[in-house]
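To keep things clear, I will list the structure first and then write my remarks on it.
The values are calculated or read from the model by the stated rules, or taken from the named source; none is laboratory data. Since we're looking at a predicted model, the values are computed, not measured. No Cβ is skipped: glycine too gets one built from the backbone with ideal geometry, and neighbour counts run over all protein chains shown. Please note that ligands, DNA and RNA were not included when accessible areas were found on the heavy atoms of the full protein model with its side chains. Shrake-Rupley method; radii C 1.70, N 1.55, O 1.52, S 1.80 Å.
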Amino acid sequence: MDCGSCAAKVRGAVERLPGVGDVDVALMTERLRLSLDEGQSSPEQIETAVRGLGFGIAPKGARPEQPKGGFVLPEDASPATGGIPETDGTETPSAQDAGDPVWYRTHKGRLVIGTGVLLALAWGTRGLVGAEVAHWAFVLATLIGLYPVARRALAMARAGMPFTIEMLMTIAAAGALVIGEPEEAALVVFLFAVGELLEGVSAGKARDSIRALGRLVPKTARLEVGRTTREVVPDRLSIGHVVQVRPGDRIPCDGEVIEGASGVDESPVTGESVPSMKESGSKVFAGSINTEALLRVRVTKMAEDNTIARIVRLVAEAESARAPTERFIDRFSRVYMPAVVGAAVLVAVLPPLAFGQPWGEWTYRALALLLIGCPCALVISVPASIASALSTGARNGLLMKGGKVIEAAASVTHVAFDKTGTLTHGRPRVTDLSVFTGDEAGLLSVAAGIEKGASHPLALAICAEAERRGVRAAMTSGARVLPGLGAEATVGGATVRAGSPRLAEELGILTDAGRARIAALEAEGQTVVVVVRDATALGLIALRDEPRADAAKAIAELDELGIASVMLTGDNPRTAEAIADGLGLDHRAGLMPEDKVTAIRDLTANARVMMIGDGINDAPALAAAHVGVAMGSGTDVALETADAAILRNRVTDAAGTIRLARATMANIRQNIAIALGLKAFFLVTTILGFTGLWIAILADTGATVLVTLNALRLLGFRPAAASDTMTADTGRRKAATA
């Protein structure tokens, strides 16, 4: 499929079949998805309808039919069938490796060559044997070149779609023959073939950037089997397998380093230019590059669930989430096309009947008007830009789930941040212990027993401190979470709790001295956990979670974009104020999960709001915002729950996401202006008689090619601020020098 009208044709053909619903046709990934009641229509009927339009169709996982160049996602490859077969070079290459063939080997390429040769022969005939013979040579060239176009037009008409560019082209070329303009008809057929070819080449270039993501995973992996290694395809790796990754090799899986220490270049996955040091216990991602030393990696995700596969799947599926602008243009084009045909009929009939003008001249103008009126350029103006933006975002660690999200992000006026794990690292550490009853070891033992098995950053920090000091966690039972307050359990028949000062206040157990100590710690920007046994406060545990290095810069970049920032946190007001003042943004503190949702709804009443959180605790707030963005390098939650994800965990990427969205919407507006501007200009000049058929076809195909090429400019867009780009370039130069 080369343009938006191709996708519309496939959609229209299958929607007319009984039992078919939820039809989704993705142009850039050339994918058809629908729901089908097989009691009314069979899958074979679907395939027949698509093939009847001249397109190839194959089930996912199979090699694409003619026309070649179909793109199948990596997760659509044939699943593993057990065992660990070695690679022997005889395996069929996966479908995503099948790129577009060279242009002259395609059907459209051969049509261009054929029609070009026929046109040249016709012109040559006129010079050698005279105009009469040349006349019939041009007629023959027109008929031969028009045959495949007319055949497609009839197929579309039988499928209930008479208003297609193929039908308009057939009418225009045949009409030119009837009114005695075979030379111009032949030239129009040739130019149409050239335009179709250029559209295909342009679409192929746009798809290449998406295919490149799938090619990041290496073809083979060095699997450890006993004391030997065996080369296998990464698709055959299972969770728990151990692979060796040599210096210079791409990592074949998502996994955990179990032996070795080396710098890993994660730029293919996250866009981060500086290599990250990986050692035992570190997570690594498929597609990243080991730069220094041998690593042994334990597989933690199947091939279809690794980071690269998920990114490619997300980019592909995002194309289905069409922008409101795209939906409007689709609706507009359905009315626009018949209106143009009606206008062409009036141009052909009205002047001769009403004013006695010559029929041939006005018929010629009407035929040119038909060609100019084709909405291909307008229809592709949005999806081409969206596809380029999605690909650019994926390469820079920014994932947005479709045109709807991009359009919403471009209009954002406020950004709300979660604190822990978003503006801060999410890895707090214990900084102070204040004991009221007992000793520090007893305080830590009870707290670690309550928090054992919890995933909250504060709980993990308390357990880590107990382990560092060699304190054994108390044996507890009946542990449960107190949402927004802390957690509780039972130790030796007594109820023990670890939670916020608010919990202690509700229990009424804090003394004036305890309150003063809490206030002093919170004034220093620390988070305080109170440990309680029954109605007695055992002591306080203070923790600090430092802001990310780029957090203040991110707030400054958003301010430069004219976007207000606010921090929403469940932490205490003093700690929140200390963090917010240091970063230079507004804040709301002491919020329960439902309070965050209320705060977002208050903001959305008068503003366009983007919420950025860790994708887990903030899920309700992410859903309540106009755009929900999850932090996290390739986590399931980051890729699945929010509207967008920031893979690099860089807060400055919030501004980068908005820059990319705004650039995309500007590109879309340019495309619409190009498409409609050229149409309007040539419609007027054609009606006035200044332009003819061959200019008309250039106006149509030329606009489509210009729109596509303009959209491809987004592939070179850099979402980072200029200073970030300079820093990244400096990092690359230093790495190269090293």
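Worth a mention:
- All of (1) of a type outside the set (S, T, N, Q); (2) under 39 Å from the mean Cα position of the chain (by Cα); (3) on the phi > 0 side of the Ramachandran plot hold for GLY130 with one exception: (2).
- Only listed residue being crowded, with 20+ Cβ neighbours inside 10 Å, under 22 Å from SER288 (Cβ atoms), modelled with pLDDT of 85 or more and not polar (S, T, N, Q), chosen from ILE646, ILE658, ILE668: ILE646
- Output for segment 28-60, where each listed residue is within 24 Å of the chain's Cα centre (by Cα) and of a type in the set (Ser, Thr, Tyr): THR29, SER35
- Of the residues making up segment 601-627, those that are open to solvent by 30 Å² or more (accessible area, probe 1.4 Å) and at pLDDT below 85 number 6.
- Residue identified as surrounded by 13 or more Cβ atoms within 10 Å (Cβ to Cβ) and touching a Phe, Trp or Tyr at 6+ places or on another chain (Cβ under 8 Å) among LEU538, LEU543: LEU538
- Condition met for PHE682 (open to solvent by 20 Å² or more (accessible area, probe 1.4 Å) and assigned to a helix (DSSP H, G or I)): yes
- In the set (1) over 30 Å from MET161 (Cβ atoms); (2) over 12 Å from the mean Cα position of the chain (by Cα); (3) not in a helix (DSSP H, G or I), LEU399 fails one condition alone, (2).
- Screening LYS401 on (1) in contact with a strand residue (DSSP E or B) (Cβ under 8 Å, 6 or more places away or on another chain); (2) more than 19 Å from HIS626 (Cβ to Cβ); (3) crowded, with 16+ Cβ neighbours inside 10 Å shows it passes everything except condition (2).
- Filtered residues of segment 402-443 (kept if of a type in the set (Lys, Arg) and either touching a His at 6+ places or on another chain (Cβ under 8 Å) or part of a helix (DSSP H, G or I) (or both)): LYS404, LYS419
- Residue within segment 196-210 that is over 31 Å from the mean Cα position of the chain (by Cα), outside any loop (DSSP other than H, G, I, E, B), among the β-branched types (Val, Ile, Thr) and at pLDDT below 80 present: no
- Being over 22 Å from MET610 (Cβ atoms), touching a residue at least 24 places away in the same chain (Cβ under 8 Å) and in contact with a helix residue (DSSP H, G or I) (Cβ under 6 Å, 6 or more places away or on another chain) is a property that does not hold for ALA464.
- Selection count, segment 41-55, where residues are of a type in the set (D, E, K, R) and crowded, with 16+ Cβ neighbours inside 10 Å: 1
- Screening GLY525 on (1) modelled with pLDDT of 90 or more; (2) surrounded by 18 or more Cβ atoms within 10 Å (Cβ to Cβ) shows it passes everything except condition (1).
- The set of residues in segment 116-166 being within 30 Å of VAL50 (Cβ to Cβ), of a type in the set (Gly, Ala, Ser) and in contact (Cβ under 8 Å) with a residue 40 or more places away in the chain consists of GLY116, GLY145, ALA155, ALA159, GLY160.
- In segment 155-175, residue farthest from LEU367 (Cα to Cα) [restricted to those that are part of a helix (DSSP H, G or I) and open to solvent by 30 Å² or more (accessible area, probe 1.4 Å)]: ARG158
Residues checked against (1) open to solvent by less than 50 Å² (accessible area, probe 1.4 Å); (2) at pLDDT 85 or above; (3) among the hydroxyl-bearing types (Ser, Thr, Tyr):
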site: GLY421; (1), (2), (3): yes, no, no
site: ASP432; (1), (2), (3): yes, yes, no
site: GLU440; (1), (2), (3): no, yes, no
site: LEU443; (1), (2), (3): yes, yes, no
site: ILE462; (1), (2), (3): yes, yes, no
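- Residue that is modelled with the lowest pLDDT [pool: residues in segment 214-230 that are charged (D, E, K, R) and within 15 Å of ILE251 (Cβ to Cβ)]: ARG215
- Residue in segment 240-259 that is modelled with pLDDT of 85 or more, surrounded by 22 or more Cβ atoms within 10 Å (Cβ to Cβ), of a type in the set (Asp, Glu) and in a loop (DSSP other than H, G, I, E, B) present: yes
- Whichever residue in segment 131-147 is surrounded by fewer than 15 Cβ atoms within 10 Å (Cβ to Cβ) and either farther than 16 Å from MET169 by Cβ or touching a Phe, Trp or Tyr at 6+ places or on another chain (Cβ under 8 Å) (or both) and, among such residues, is modelled with the lowest pLDDT: ALA131
- Residues of segment 464-486 that are surrounded by 21 or more Cβ atoms within 10 Å (Cβ to Cβ) and modelled with pLDDT under 90: GLY486 alone.
- Taking (1) more than 17 Å from ARG574 (Cβ to Cβ); (2) under 47 Å from the mean Cα position of the chain (by Cα) in turn, SER500 satisfies each apart from (1).
- Qualifying residue in segment 573-596 (condition: at pLDDT 90 or above, surrounded by 20 or more Cβ atoms within 10 Å (Cβ to Cβ) and on the phi > 0 side of the Ramachandran plot): no
- Every residue from segment 18-40 that is surrounded by 19 or more Cβ atoms within 10 Å (Cβ to Cβ) and part of a loop (DSSP other than H, G, I, E, B): LEU27, MET28, THR29, GLU30
- Pairs where the first residue, in segment 275-294, is more than 21 Å from ARG395 (Cα to Cα) and the second is open to solvent by less than 60 Å² (accessible area, probe 1.4 Å) and of a type in the set (Val, Ile, Thr), C-beta under 6 Å, 6+ apart: LYS278/VAL257; LYS278/VAL264; LYS278/VAL284; SER280/VAL257; SER282/VAL257
- Among the residues of segment 16-64, just one is on the phi > 0 side of the Ramachandran plot and at pLDDT 90 or above, namely GLY19.
- Scoring ALA150 on the criteria (1) modelled with pLDDT of 85 or more; (2) small (Gly, Ala, Ser); (3) on the phi > 0 side of the Ramachandran plot leaves a single failure, condition (3).
- Check on LEU128, open to solvent by 10 Å² or more (accessible area, probe 1.4 Å), over 23 Å from TYR336 (Cβ atoms), of a type in the set (A, V, I, L, M, F, W, C) and not in a loop (DSSP other than H, G, I, E, B): yes
- Boolean, ILE450 is under 19 Å from ALA537 (Cα atoms), in contact with a strand residue (DSSP E or B) (Cβ under 7 Å, 6 or more places away or on another chain) and part of a loop (DSSP other than H, G, I, E, B): no
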